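In what follows, a structure is listed as structure tokens, so that the remarks can point back to it.
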Amino acid sequence: MALQFPTRAERPGRLPHAASLRERVWPEFMYHDPVLERLFDRVIGEDAEFHFYVWDDEREEVVGAGHAVPAWWDGDAASLPDGGIDAVVEARFAEGAPDPTVLCALQIVIAPECRAKGLSSRMIQRMAEIGRDHGLDTLIAPVRPNLKHRYPLTPMERYIRWRRPDGTHLDPWLRTHERLGAEIVKVAPQSTRVPGPVGEWEEWTEMTFPETGAYVVPGALVPVEIDRERDEGLYVEPNVWMVHPAG
Ligand SMILES: CC(C)(COP(=O)(O)OP(=O)(O)OC[C@H]1O[C@@H](n2cnc3c(N)ncnc32)[C@H](O)[C@@H]1OP(=O)(O)O)[C@@H](O)C(=O)NCCC(=O)NCCS
């Protein structure tokens, strides 16, 4: 594969995307986070230099993408927000927000047919390089561990301690970040918050929720809380704050 990693500012406009990337990459409910529904177009539109594509020269199409936003962080673990992704995106567009000091990763996505070839490490490195190009020397990331959905009943605090016999993380995505020198700082307990009427939750998940209670839902990292009396479902996704070494 002959790959290039241009930013959206360098290659503006609508580039052709691999068919597998035009389909939904995440479980349906992940597209209903009100903060991202409200602000993601601004994230993409106003910070084009912090988003990049993986452009495959042979296929002449995009086979991956990385999204990040500039953020303010003073280097103190306590100031990394519990609200993870939602908090960082809201802070980016808040009135009187302080000047950014770091780059914060939001998401890296690779076309399924291009996965498991080591591309993700190159993408994290490219993201960190884009930050440095703009004077943001540290990359921070509210990481969504990519196998946590198979262990929805395990608290994130315990899951991040699971290691393989060789000492590396059981979770591939935590492992990939750590191999590049990133360290876990703490859990972001409410990184993505998705409230919605029970009927909508039933549509998004193609499940039925007959009673009030907690339900294991495919693709969710923790159970979804359903309250039939209040007609509300609520998913609060924990992520993991990791910090990459300053470049
Ligand atoms: C997560 C993602 C970016 C990883 O990219 P990738 O190019 O497939 O990963 P790599 O080939 O670089 O592999 C990284 C590690 O994960 C492992 N791995 C990747 N997918 C795996 C899976 N489904 N199950 C088990 N291990 C997996 C690899 O073996 C490798 O570990 P190792 O080097 O210790 O063997 C990609 O799978 C993806 O786009 N997933 C959907 C979106 C997503 O979850 N993004 C991350 C959160 S924003």
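The values are calculated or read from the model by the stated rules, or taken from the named source; none is laboratory data. Predicted, not measured: the structure shown is a model, and the values here were computed from it. Neighbour counts run over all protein chains shown; Cβ positions are idealised from the backbone, glycine included. Side chains included, ligands, DNA and RNA excluded: accessible areas come from the protein's heavy atoms. Shrake-Rupley method; radii C 1.70, N 1.55, O 1.52, S 1.80 Å.
Residue-wise test of (1) closer than 16 Å to residue 134 by Cα; (2) open to solvent by less than 40 Å² (accessible area, probe 1.4 Å); (3) acidic (Asp, Glu); (4) in a helix (DSSP H, G or I).
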position	(1), (2), (3), (4)
44	no, yes, no, yes
55	no, yes, no, no
58	no, no, yes, no
62	no, yes, no, no
68	yes, yes, no, no
75	no, no, no, no
87	no, yes, no, yes
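Pick out, from the range 131-247, the helices (runs of 4 or more DSSP H) lying fully within it that include 3 or more residues that are out of contact with any strand residue (DSSP E or B) (no Cβ under 7 Å at 6 or more places or on another chain) and closer than 26 Å to residue 29 by Cα.
Values: elements: 156-159, 172-179, 198-205.
The helices (runs of 4 or more DSSP H) meeting that bar are 198-205.
I'd like to know if the range 218-236 contains one or more residues that are loosely packed, with under 14 Cβ neighbours inside 10 Å, touching a residue at least 40 places away in the same chain (Cβ under 8 Å) and either over 15 Å from residue 145 (Cα atoms) or not hydrophobic (A, V, I, L, M, F, W, C) (or both). For the range 218-236, residues loosely packed, with under 14 Cβ neighbours inside 10 Å, touching a residue at least 40 places away in the same chain (Cβ under 8 Å) and either over 15 Å from residue 145 (Cα atoms) or not hydrophobic (A, V, I, L, M, F, W, C) (or both): present.
With respect to the conditions (1) under 29 Å from residue 234 (Cβ atoms); (2) surrounded by 18 or more Cβ atoms within 10 Å (Cβ to Cβ), residue 40 lacks only one, and its number is (2). Can you pull out every residue in the range 20-43 that is out of contact with any Gly (no Cβ under 9 Å at 6 or more places or on another chain) and either within 15 Å of the ligand (Cβ to nearest atom) or on the phi > 0 side of the Ramachandran plot (or both)? Passing the criteria: 20, 22, 23, 24, 25, 31, 33, 36, 40, 43.
Screening residue 189 against (1) more than 14 Å from the ligand (Cβ to nearest atom); (2) over 21 Å from residue 89 (Cβ atoms) leaves a single unmet condition, (2).
Only residues that are within 14 Å of the ligand (Cβ to nearest atom) and either more than 24 Å from residue 87 (Cα to Cα) or open to solvent by less than 20 Å² (accessible area, probe 1.4 Å) (or both): list them for the range 127-155, please.
127, 139, 140, 141, 142, 143, 145, 148, 150, 151
For the range 110-126, taking the residues that are assigned to a helix (DSSP H, G or I) and farther than 24 Å from residue 187 by Cα, the one that is nearest to the ligand (Cβ to nearest atom) is identified as 119. For the range 199-214, residues that are buried (at least 18 other Cβ atoms within 10 Å of the Cβ) and touching an Asp or Glu at 6+ places or on another chain (Cβ under 8 Å) total 3.
Among residues belonging to the range 96-109 that are open to solvent by 20 Å² or more (accessible area, probe 1.4 Å) and either within 16 Å of the ligand (Cβ to nearest atom) or among the aliphatic types (A, V, I, L, M) (or both), point out the one that is farthest from residue 76 (Cα to Cα).
Initially, the range 96-109 is screened for residues open to solvent by 20 Å² or more (accessible area, probe 1.4 Å), giving 96-101, 106-108.
If we keep only those that are either within 16 Å of the ligand (Cβ to nearest atom) or among the aliphatic types (A, V, I, L, M) (or both) as well, we get 97, 106-108.
On the way: 97: 18, 106: 20, 107: 23, 108: 25 Å.
Filtering the range 96-109 for residues that are open to solvent by 20 Å² or more (accessible area, probe 1.4 Å) and either within 16 Å of the ligand (Cβ to nearest atom) or among the aliphatic types (A, V, I, L, M) (or both), the one farthest from residue 76 (Cα to Cα) comes out as 108.
In this entry, residue 116 passes the filter for residues that are out of contact with any Leu (no Cβ under 7 Å at 6 or more places or on another chain) and over 20 Å from residue 238 (Cα atoms).
The single condition among (1) free of Cβ contacts under 8 Å to residues at least 40 places away in the same chain; (2) under 17 Å from the mean Cα position of the chain (by Cα) that residue 82 does not satisfy is (1).
Sub-6 Å Cβ pairs linking a first residue in the range 6-33 that is over 29 Å from residue 194 (Cβ atoms) to a second residue that is open to solvent by 30 Å² or more (accessible area, probe 1.4 Å) and not in a helix (DSSP H, G or I), at least 6 apart or interchain, are 16/61, ordered by first then second residue.
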